[in-house]
1. With only alpha-carbon pairs counted, each pair once and no self-pairs, how large is the Kirkwood hydrodynamic radius of segment 42-90 in angstroms?
2. Could you list the residues of segment 31-60 with an amide nitrogen less than 18 Å from a label point located 7 Å from the Cα of residue 102 in the Cα-to-C-beta direction?
3. Per residue, what volume in Å³ does the convex hull of the Cα atoms of segment 273-324 enclose?
4. Considering only the other residues whose Cβ falls under 14 Å of the Cβ of residue 333, what net charge follows from Lys and Arg at +1 and Asp and Glu at -1?
5. For the chain, which semi-axes, largest first and in whole Å, follow from the square roots of 5 times the eigenvalues of its Cα gyration tensor?
6. Could you order the peptides 163-173, 295-305 from most to least packed, using the average number of other C-beta atoms within 10 Å per residue?
7. For segment 178-230, take N as its residue count and report Rg(C-alpha) divided by 2.2 N^0.38 Å.
8. Given N residues in segment 204-317, what is Rg(Cα) / (2.2 N^0.38 Å)?
Amino acid sequence: MSALTRRHFLARAGVALGATALARSAFAAPARIVVIGAGFGGATCARYLRELDPTLAVTLVERERTVATCPFSNLVIAGLAGMDRIAHGFLGLRAAGVEVVHDSAVAVDAARGEVRLAGGRRLGYERLVVAPGIELRLDAVPGYDAAAVSAMPHAWQAGAQTLLLRRQLAAMPDGGVVLIAPPGEPFRCPPGPYERASLVAHYLARHKPRAKILILDAKDGFSKQALFEQGWAARYPGMIEWVAGSQGGLVERVEPARGVLVTESGFTEHRGDVVNFIPPQRAGAIAQAAGLADESGWCPVDPRDFASTRVPGVHVLGDAAQAGAMPKSGFSANSQAKICAAAIVAALRGETLPAALWTNTCYSLVAPDYGISVAAVYRVDNGTINAVPGAGGVSPLDAGADFRRREANYARAWYASISRDTWG
């Protein structure tokens, strides 16, 4: 985000409200805000809370000492980048005045306004922000459990799984088969499995050109499908096959020891030399433990400020939240976090926040020099978040090589910009 854009946002979000008298006394103890999770949602919210009101005592709880992002992790899997490309530390957040605690949140006592950590520490709060990302439902598909993850990596939480899938691809023989099995919606990063197929194909085309990729999908369509399929035909003809859920793509059982995915009520087996099985998901574990999630597994929120509708004094951001039409993406989480931070500051000041607009842009790489994108603007309409008609769009079909190259460059610039905006 440019300096001009940042100044414009902060002015709109509430920094200008500093000219008014604060509801809190100048001599009162700083309001305590605890944020759980340091991804695009949590880290952004912590950072902007401090920017909007430097008097706040903001504590960010994150188990990992380095956060690895799912965006751009497909580059690592395809051998086009190292883990350092997607790894982020906390120096920028600490410099912004955020206290970073490396521990796991295990319980929330909303009545006492307290978060309990695995290490025994208890953190009091006036407001709590929960941005825990996803939890993989390892009980959703027969045969896929904690042990199966080592044989059939999901790589849907970046880190060790990313590198495991990379090693498996490097070890597979030329002429082998890669199976990719995306889940039904909703799930984190809807275009992600198809970008992954694209960049894996890029790797295979250079190093194992006789290999094939079979995508067994739980769905009958996917984000940016026409654009992806056009790119596959142009760059990887005959290498990638996609099977819709209703046409035999729905995986009903896995057999990790054999590298087999079973579809069509047990009548069809697909064997892969590498199997990337992405299971169904739900909100992260602390959201489940705190009672923030409903029977869907996701967390219902007030669409105006992402306050939980189930637990008072708590906001839920990013992948864990039910956010209407907004996809579960890093850009969505970053956009939600800024509005949430502004809403918390306004509430503490006794102010009313104007109606919000959110944005999302999702870039995908079909190849290192071939990018595609989709963008949208969102607002609250009839009690839920919906896309603003005519305010978004997708990359055009049949665009030339220069256009695709520019979009690939935009993707890299977007990642660098949002990373700085999130972690500093």
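Read the figures in this text as sums done on the coordinates, not as results from a lab. Here the structure is a predicted model, which is why all the values come from computation and not from measurement. As a convention, Cβ positions derive from the backbone with ideal geometry for all residues, glycine included, and neighbour counts pool all protein chains shown.
1. Numbers: mean 1/r = 0.0793 Å⁻¹.
Here the Kirkwood hydrodynamic radius works out to 12.6 Å.
2. Answer for segment 31-60: 36-39, 43, 59-60.
3. On the way: hull volume 4.7 nm³, N = 52.
So the per-residue Cα hull volume is 90 Å³.
4. Summing Lys and Arg as +1 and Asp and Glu as -1 gives +2.
5. After scaling each eigenvalue by five and taking roots: 38, 24, 19 Å.
6. Highest-to-lowest ranking by the protection proxy: 295-305, 163-173.
7. That works out to 1.16 for segment 178-230.
8. After normalising by residue count via 2.2 N^0.38 Å, the value is 1.46.
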